[in-house]
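K.L.:
For reference, the structure I am asking about is given below.
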Amino acid sequence: MEHPDSILIIDFGSQVTQLIARRVREAGVYSEIAPFQSAADAFERMQPKGVILSGGPASVTDADSPRAPQAVFDSGVPVLGICYGQQVMTEQLGGRVEKGASGEFGEAFVEVDRRCALFDALWKEGDRHQVWMSHGDHVAELAPGFRPVASSRGAPFAITADEDRRYYGLQFHPEVVHTPDGSKLIANFARHVCGLSGDWTMAEFRQTKIAEIREQVGKGRVICGLSGGVDSAVAAVLIHEAIGDQLTCVFVDHGLLRAGEADQVVSLFRGHYNIPLVHVSAETLFLNGLAGVTDPEAKRKFIGKTFIEVFESEAKKIGGAEFLAQGTLYPDVIESVSFTGGPSVTIKSHHNVGGLPERMNMKLVEPLRELFKDEVRDLGCELGLPDIFVGRHPFPGPGLAIRIPGEVTKERCDILRKADAVYLEEIRNAGLYDAIWQAFAVLLPVRSVGVMGDGRTYDSVLALRAVTSTDGMTAQAFQFPGDFLSRVTTRIINEVKGINRVTYDYTSKPPGTIEWE
C-alpha cells in the first residue's frame, strides 16, 4: 500500500522507535520504520516527504557506528534527528560529537533560547519545558548551518536547527510520554515543517485495503486462522467484506482461552457475519502435549507448533485455497527484523514463537501489516465489530498456558478461567475495564494452608494483575480504588473452589514485555 504523503523513520536500534511511528500516525500522517541497514532502499521506495532518525544504543564516536543514507541529506526533504539521530546527523554534516563524563538520564528541563519552526505556535522564547533525556554522548560542535535553539543543564545543544534546510535535532526523546509536549513537537514536524495534511484515516485505509485484497486474490480462495483475538477477527471481517464467501475461517480452540471466548467467536462469525467457519475442538490435544511441561518458552513453542499443525490439517481438508490470511500487525513486521544487534533485538523478538511452514505453499494475505494495535481497534470499529472484540484486553496466543507457571492441566485451567472471569466481571461492574490496558489472573505454583469456616484448607494461591499503558511498551500497576481488591478477593475465594489466598501484583515494568512469563 503506497502513501504519497508519508514519513520514513530510520531505526538505529532504540527500543522506543515504534513510539515515533505512532506519534506521527496520531497526527494523521502515515509512517513506516526501516532499519538503518535497509533505509536507502526504503527511502527510494517510499519517496517520503520527511525523515526521522531514531535514537539508538551505539556511540557515534565509534568507527563502525551506524549512519543514515547520504541520499536522505541529498534529497532536500526535512529531517528530524532524535538523540542518536541528532548526533549522527551532526557528525555526517560536519559537526562533532564527543563522549560525556556522566551523561544525562531521566527527567530534565529545556530552556527555549530562540524561535524555531519545529515548535512554532507551541513554545516561545524564554519558555521552560519538561523532557526525557537518555544520552551519554553529546553534540560538542554544531555542523555548518545549524544553530542552538534550546538548552538543558546537561546539553547546551538540546535542540538544534538548520531552518534553511529544515533539519532539526533533539537531544531528548519526544516520543515517550515523559516528554509532555513531545507528541505535539512530532506533529509539528509532520504537519507544519513537512507540510503534510494529516488526512490519513481508517475510513480511507478500509476502502484502499479492500480494493487491494480484491486485486491480490482475484477469484482465489482464502483461509484465515482465527485465534479469538482482535487482530485475526478484524482481518477476517475486512477480507470477508472484500471477497465474501471466497474466505473460510478456521478456529482452532486449544482450550486455553478465557471463559466464554470460544462461544463468542463462533457466534460472531457464524451468526452475525455468516462467514464460513470451521471450529476445531483441540483442547485434549493441546493439554496432553503440555502435560509435564513447565518451561514457559517450551510452552510457547509447543502451542505455536501444534496450532500450525492443526490448522494445516484442516486447510488440507478444505482444499483449493491459494491464500492464507494472517492478522500480522506492523509491530510483528518490525520485530521480525534484527535491527542492530543491540538490546532492542531481545525486546522486539520476545513474542516470536514460530512461523508459517514453507510446505504449505500458500500466498499470504496480511491486510493489517501496516497497522499498530490501537489502529486495528479503530479499524474494527470502522467495520462495525462489537466492542466485546475491539475493546478486549490483549491476550497472547499461548493464552492461559503462560498464566499458569508450572504444569498446565485441565483442572488448573478451569480454576484460573473461573477466577479470571470473576476478576474481569468485577472490573467491568466498577466501570474500570476501559481505564485498564490489561488485567488478568495468574494461578501460582504455590499452595497455602488456610482455614475456611471450621475446616483447614490446602489450596492454590492466585495473583491478580492490572496495568495501564499507552503503548504496550511500558506498564504501570493500576491503583484500584477503595475496597475493590477486598471485594473481588472475597468473591474469588467464595466462588472458586481450589483457591484460598489471593494477592495483587503491584509491579510496574520498564520498556519491554508486560506478559507474566
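K.L.:
Restricting attention to the stretch 399-408, does a residue exist that is open to solvent by less than 20 Å² (accessible area, probe 1.4 Å), among the acidic types (Asp, Glu) and modelled with pLDDT of 85 or more?
P.N.:
Checked the stretch 399-408: no residue is open to solvent by less than 20 Å² (accessible area, probe 1.4 Å), among the acidic types (Asp, Glu) and modelled with pLDDT of 85 or more.
K.L.:
If you don't mind, another one. Can you tell me which residue among Gly391, Gly397, Gly380 is closer than 19 Å to Val266 by Cα, in contact with a Ser or Thr (Cβ under 9 Å, 6 or more places away or on another chain) and not aromatic (Phe, Trp, Tyr)? Break it down into steps so the answer makes sense when it comes.
P.N.:
Values: Gly391 fails: in contact with a Ser or Thr (Cβ under 9 Å, 6 or more places away or on another chain); Gly380 fails: in contact with a Ser or Thr (Cβ under 9 Å, 6 or more places away or on another chain).
Of Gly391, Gly397, Gly380, the one residue that is closer than 19 Å to Val266 by Cα, in contact with a Ser or Thr (Cβ under 9 Å, 6 or more places away or on another chain) and not aromatic (Phe, Trp, Tyr) is Gly397.
K.L.:
Has the stretch 281-290 got any residue that is surrounded by fewer than 19 Cβ atoms within 10 Å (Cβ to Cβ), over 30 Å from Phe36 (Cα atoms) and modelled with pLDDT under 90?
P.N.:
Looking for residues that are surrounded by fewer than 19 Cβ atoms within 10 Å (Cβ to Cβ), over 30 Å from Phe36 (Cα atoms) and modelled with pLDDT under 90, one finds none in the stretch 281-290, hence no.
K.L.:
Here's a check for you: in the stretch 115-137, which residue that is in contact with a Pro (Cβ under 8 Å, 6 or more places away or on another chain) and not hydrophobic (A, V, I, L, M, F, W, C) is least open to solvent (accessible area, probe 1.4 Å)? Break it down into steps so the answer makes sense when it comes.
P.N.:
Initial filter on the stretch 115-137 (in contact with a Pro (Cβ under 8 Å, 6 or more places away or on another chain)): 129-131.
Of the ones still in play, those that are also not hydrophobic (A, V, I, L, M, F, W, C) are 129-130.
Values: His129: 34, Gln130: 63 Å².
For the stretch 115-137, the residue satisfying everything is His129.
K.L.:
Filtering the stretch 385-398 down to residues that are without any contact (Cβ under 8 Å) to a residue 60 or more places away in the chain and out of contact with any Lys or Arg (no Cβ under 8 Å at 6 or more places or on another chain), which residue is surrounded by the most Cβ atoms within 10 Å (Cβ to Cβ)? Show your work before the answer.
P.N.:
Here is the first cut: in the stretch 385-398, the ones without any contact (Cβ under 8 Å) to a residue 60 or more places away in the chain are 387, 391, 393.
Filter once more, keeping what is out of contact with any Lys or Arg (no Cβ under 8 Å at 6 or more places or on another chain): 387, 393.
On the way: Asp387: 12, His393: 17.
Looking at the filtered set, the residue picked out is His393.
K.L.:
Name the residues in the stretch 138-151 that are crowded, with 20+ Cβ neighbours inside 10 Å, in contact (Cβ under 8 Å) with a residue 40 or more places away in the chain and in a strand (DSSP E or B), would you?
P.N.:
The answer is His138, Val139, Ala150.
K.L.:
A further question follows. Name every residue in the stretch 203-212 that is buried (at least 18 other Cβ atoms within 10 Å of the Cβ) and not basic (Lys, Arg), in order of residue number.
P.N.:
Phe205
K.L.:
Going residue by residue through the stretch 324-334, is there one that turns out to be at pLDDT below 90, of a type in the set (Gly, Ala, Ser) and loosely packed, with under 15 Cβ neighbours inside 10 Å?
P.N.:
Checked against the condition, which is being at pLDDT below 90, of a type in the set (Gly, Ala, Ser) and loosely packed, with under 15 Cβ neighbours inside 10 Å, the stretch 324-334 yields no hits at all.
K.L.:
Of all the residues that make up the stretch 283-294, how many are touching a residue at least 24 places away in the same chain (Cβ under 8 Å) and either over 30 Å from the mean Cα position of the chain (by Cα) or under 10 Å from Phe251 (Cα atoms) (or both)? Steps first, please.
P.N.:
In the first step, residues of the stretch 283-294 are kept if they are touching a residue at least 24 places away in the same chain (Cβ under 8 Å); the result is 283-287, 290-294.
Cutting the leftovers down to either over 30 Å from the mean Cα position of the chain (by Cα) or under 10 Å from Phe251 (Cα atoms) (or both) gives us 284-285, 291-292.
Going through the stretch 283-294 one residue at a time, the tally reaches 4.
K.L.:
Could I ask something else about it? Of the conditions (1) in contact (Cβ under 8 Å) with a residue 24 or more places away in the chain; (2) open to solvent by 10 Å² or more (accessible area, probe 1.4 Å); (3) more than 30 Å from Tyr167 (Cα to Cα), Glu215 satisfies every one except a single condition; which number is it?
P.N.:
It fails just one condition, (1).
K.L.:
How many residues, within the stretch 243-260, are in contact (Cβ under 8 Å) with a residue 24 or more places away in the chain, outside any loop (DSSP other than H, G, I, E, B) and open to solvent by 10 Å² or more (accessible area, probe 1.4 Å)? Break it down stepwise before answering.
P.N.:
Initial filter on the stretch 243-260 (in contact (Cβ under 8 Å) with a residue 24 or more places away in the chain): 243, 245-260.
Restricting the remaining residues to those that are outside any loop (DSSP other than H, G, I, E, B) gives 243, 245-253.
From the residues that got through so far, the ones that are open to solvent by 10 Å² or more (accessible area, probe 1.4 Å) too are 243, 245-246, 248, 253.
Number satisfying all stated conditions: 5.
K.L.:
For the stretch 32-51, enumerate the residues that are touching a Gly at 6+ places or on another chain (Cβ under 9 Å) and among the charged types (D, E, K, R).
P.N.:
Result: Lys49, single match.
K.L.:
Next question. Please identify the pairs in which a residue from the stretch 466-488 that is at pLDDT 95 or above has its Cβ atom under 6 Å from the Cβ atom of a residue that is assigned to a strand (DSSP E or B) and exposed (fewer than 15 other Cβ atoms within 10 Å of the Cβ), counting only partners at least 6 apart or on another chain.
P.N.:
none
K.L.:
Follow-up. Kindly state which strands (runs of 3 or more DSSP E) lie completely within the stretch 1-108 and contain at least 1 residues that are at pLDDT 95 or above and within 14 Å of Phe189 (Cα to Cα). It would help to see each step written out before you state the result.
P.N.:
Details: elements: 6-11, 30-35, 50-53, 79-82.
Output list reads 6-11, 50-53, 79-82.
K.L.:
Hey, another quick one. Looking only at residues that are closer than 19 Å to Arg377 by Cα and of a type in the set (S, T, N, Q) in the stretch 224-277, which one is modelled with the lowest pLDDT?
P.N.:
Taking the stretch 224-277 first, the residues closer than 19 Å to Arg377 by Cα are 224-242, 261, 264-265, 268-269, 272-273.
Then keep just the ones that are of a type in the set (S, T, N, Q); that gives 227, 232, 264.
Working: Ser227: 82, Ser232: 90, Gln264: 89.
In this case the residue turns out to be Ser227.
K.L.:
Hey, could you check the stretch 489-507 for residues that are open to solvent by 60 Å² or more (accessible area, probe 1.4 Å) and assigned to a loop (DSSP other than H, G, I, E, B) and say which is modelled with the highest pLDDT?
P.N.:
Lys497
K.L.:
Okay, moving on. Please state which one of Tyr458, Tyr423 is among the aromatic types (Phe, Trp, Tyr) and surrounded by fewer than 18 Cβ atoms within 10 Å (Cβ to Cβ). Break it down stepwise before answering.
P.N.:
Numbers: Tyr423 fails: surrounded by fewer than 18 Cβ atoms within 10 Å (Cβ to Cβ).
Result of the check over Tyr458, Tyr423: Tyr458.
K.L.:
Still on this structure, please answer the following. What residue, of Gly225, Gly195, Gly154, Gly169, is surrounded by 16 or more Cβ atoms within 10 Å (Cβ to Cβ) and part of a loop (DSSP other than H, G, I, E, B)? Can you show your working first?
P.N.:
Values: Gly225 fails: part of a loop (DSSP other than H, G, I, E, B); Gly195 fails: surrounded by 16 or more Cβ atoms within 10 Å (Cβ to Cβ); Gly169 fails: part of a loop (DSSP other than H, G, I, E, B).
Criteria check complete, one pass: Gly154.
The values are calculated or read from the model by the stated rules, or taken from the named source; none is laboratory data. This one's a predicted model, so the numbers in the text were calculated from it and none came from an experiment. Ideal geometry is used to build each Cβ from the backbone, glycine not excepted, and the neighbour counts take in all protein chains shown. These accessible areas exclude ligands, DNA and RNA; they are computed on the full protein's heavy atoms, side chains included. Shrake-Rupley method; radii C 1.70, N 1.55, O 1.52, S 1.80 Å.
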